[in-house]
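Peer 1: Right, I'll just put the structure down here and ask away after.
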Amino acid sequence: MNVSPFDPSFSDVRPRLIRLAYRMLGSVADAEDVVQEAYLRWLATDRDSVRQPAALLRTIVTRLCLNELKSARRRRETYIGPWLPEPIVEADETDPIDDITLPLMMMLERLSPLERAAFLLHDVFGIGFDDIAETLGRDAAACRKLASRARDHIRAGRPRFPVPRERGLAIAAAFFAASRKGDLNGLRALLKEEVRACTDGGGRVQASLFPLIGAAAVMARHAQLAREFARNPSTLIRYAMIDGLPGFITVEGGGIVQTTALQLEHDKVAAIFITRNPDKLQHLGRELERRPHDAPNT
């Protein structure tokens, strides 16, 4: 039988499949490609005999992601500078993404593909180990071990000091104001001593090739940037939660779009994640149509 792209068996689970594929791959474009391929395979299936369409589609997407991860990891071995996952921006406070933050996404990169799949399917998407075993082609006990090893590896990536959303966005606004106005004293007051900063330019635009470690290194870089911001002011698009972290979207000198996400601990900035690689920001086109917002109250 013919199935339209709006077939409820597929369209109802598509957002969940996209989230799974994105968490597996760290790329919006790759996630959408995988889910599209899953849809084509779904069309070629004898769907009348499928008792649980969502389970079958999840299996297809997971296995496609495992295949994609092999080539993705080879590409990252030659990636120029720090690699960050493509930023997912929360639409508004009524549309939270999930509890996977950007630091946790980076911790997931250190796992084997099977560990990553077992952890995401069980701990994030709530799938039972019997079903995961069928998806991964392993027995349930092996899948439990995969998820347990993953949990041990990524425990440090879980937020230890959760910050309320509005408080986080207020700190992001203070960070933006201090950094763009050249208020170095105000900026330093926001940083933890052991703060680190990673900028992903992918070799496409200017960006630091190595992470900056420590407040002294971060402040030295912002002293340089203050002069650049004075010549070419940033245009603020809006403040937003970016992969679970407070931050902001801006257009910088030369028309370069970037996202800045801040990992906070006790109201201090512990890490700064900046994405400037234009290949990773194409999906933010709608954001650029927004009018710049005023800063939240600080």
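Please treat every number below as a calculation from the coordinates, not as lab data. Bear in mind the structure is a predicted one, so any value in this text is a computation, not a measurement. All Cβ positions, glycine included, derive from the backbone under ideal geometry; neighbour counts span all protein chains shown.
Peer 1: Restricted to Cα positions, what overall size does the range 1-78 have along the principal axes? Three whole-Å values, descending.
Peer 2: 45, 18, 18
Peer 1: Once the principal axes of the Cα atoms of the range 225-290 are found, what is the range along each, listed largest first in whole angstroms?
Peer 2: The principal-axis extents, from largest down, are 35, 30, 20 Å.
Peer 1: Mind ranking 79-85, 232-238 by how tightly packed they are, going by the mean number of other C-beta atoms within 10 angstrom, highest first?
Peer 2: Details: 79-85: 18.1, 232-238: 16.3.
In decreasing order of mean packing, 79-85, 232-238 become 79-85, 232-238.
Peer 1: From the backbone phi of the range 236-241, what are the Karplus-calculated ³J(HN,Hα) couplings (6.51 cos²θ - 1.76 cosθ + 1.60, θ = phi - 60°) in whole Hz, Gly and Pro given as x?
Peer 2: My calculation for the range 236-241 gives 7, 8, 5, 8, 6, 7 Hz in order.
Peer 1: Under a crude label model (7 Å from the Cα following the beta-carbon direction), how far is Lys70 from Arg188 in nanometres?
Peer 2: Placing both labels 7 Å along Cα→Cβ, they lie 5.3 nm apart.
Peer 1: Given H placed 1.01 Å from N in the peptide plane, which residues other than close sequence neighbours of Leu191 have an amide H under 5 Å from its amide H?
Peer 2: Answer set, sorted by chain and number: Val269.
Peer 1: So between Ala216 and Phe125, what do we pick up on full extension, going 0.36 nm a residue minus the alpha carbon distance? Display every interim value, and only then the final one.
Peer 2: Details: separation 91, 0.36 × 91 = 32.76 nm, distance 4.04 nm.
That works out to 28.7 nm of additional length.
Peer 1: Using label points projected 7 Å from each Cα along Cα→Cβ, tell me how many nm separate Lys181 and Ala54, to one decimal.
Peer 2: 4.9 nm
Peer 1: Sticking with this one: Just in the range 103-176: which trypsin sites (Lys or Arg not before Pro) are loop by DSSP and have at most 13 other Cβ atoms within 10 Å? Numbers along the way, then the final one.
Peer 2: Numbers: sites: Arg110, Arg116, Arg138, Arg144, Lys145, Arg149, Arg151, Arg155, Arg160, Arg165, Arg167; in loops: Arg110, Arg138, Arg160.
Filter output for the range 103-176: Arg110, Arg160.
Peer 1: ³J(HN,Hα) across the range 207-212 via Karplus (A = 6.51, B = -1.76, C = 1.60, θ = phi - 60°), whole Hz, x for Gly/Pro?
Peer 2: Values, residue by residue: 6, 4, 7, 9, x, 9 Hz.
Peer 1: Relative to the present Cα-Cα distance, how much length would full extension add between Asp46 and Glu134 at 0.36 nm per residue of separation? Intermediate results must be reported in sequence, preceding the final value.
Peer 2: Details: separation 88, 0.36 × 88 = 31.68 nm, distance 1.89 nm.
This chain segment gains 29.8 nm when fully extended.
Peer 1: Ranking Phe175, Phe125, Phe210 by Cβ neighbours within 10 Å, fewest first, what do you get? Let's see the in-between values first.
Peer 2: Working: Phe175 22, Phe125 15, Phe210 10.
Lowest to highest Cβ neighbour count: Phe210, Phe125, Phe175.
Peer 1: Per residue of the chain, what 222 nm ellipticity follows from adding -39500 (n - 2.57) for every DSSP H run with n ≥ 4, rounded to the nearest 500?
Peer 2: -14000 deg cm²/dmol
Peer 1: Here's something else I'd like to know. Stokes-Einstein diffusion coefficient for the range 102-158 at 25 °C in a medium of 0.890 mPa s, Rh from the Kirkwood formula over Cα pairs: what value in µm²/s?
Peer 2: 223 µm²/s
Peer 1: Semi-axes of the equivalent ellipsoid of the range 165-289: what are they in whole Å, largest first, if each equals the square root of 5 times a C-alpha gyration tensor eigenvalue?
Peer 2: Those come to 20, 17, 14 Å.
Peer 1: OK, next. Which entries in Lys145/Lys192; Lys70/Lys280; Lys70/Lys192 show an alpha-carbon gap greater than 31 Å?
Peer 2: Lys145/Lys192; Lys70/Lys192
Peer 1: Volume per residue, Å³, of the convex hull around the alpha-carbon atoms of the chain?
Peer 2: 138 Å³
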